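Okay, so here's the structure we're looking at.
The values are calculated or read from the model by the stated rules, or taken from the named source; none is laboratory data. Remember, it's a predicted structure, so these values are computed and weren't measured experimentally. In this analysis, Cβ positions are derived from the backbone assuming ideal geometry, glycine residues included, and neighbour counts consider all displayed protein chains.
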Amino acid sequence: MNRRTQAMLAALVAGMFASASAVSFAQTTSDAPTTHADKKAAKKQAEADHDAALAQAKADKKKTKSQSEANEAAADAKVKDAKKAD
């Protein structure tokens, strides 16, 4: 491909992204009033987000504890090796 074709292709792709983001923005900023179903869905989503955050925190805590135990075991092994070397 020559430079002119590449430039046209790049402009076309950039235009597609710009129009897609404009459509997405237009959909999220509509002036339609929120319905009961929208509120209910938002509440369910908030609950799901909370549950996911809680589960992630528990997993992180467990991972940290496991890593700490592994580090402690490695340190103990080094101490034993050092004592054997004496």
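From the list 84, 65, pick out the single residue that is among the basic types (Lys, Arg) and within 25 Å of the chain's Cα centre (by Cα). Please lay out each step first, then the result.
On the way: 84 fails: within 25 Å of the chain's Cα centre (by Cα).
Criteria check complete, one pass: 65.
Working carefully through the options 66, 21, find the one that is in a helix (DSSP H, G or I), surrounded by 10 or more Cβ atoms within 10 Å (Cβ to Cβ) and modelled with pLDDT under 90.
21
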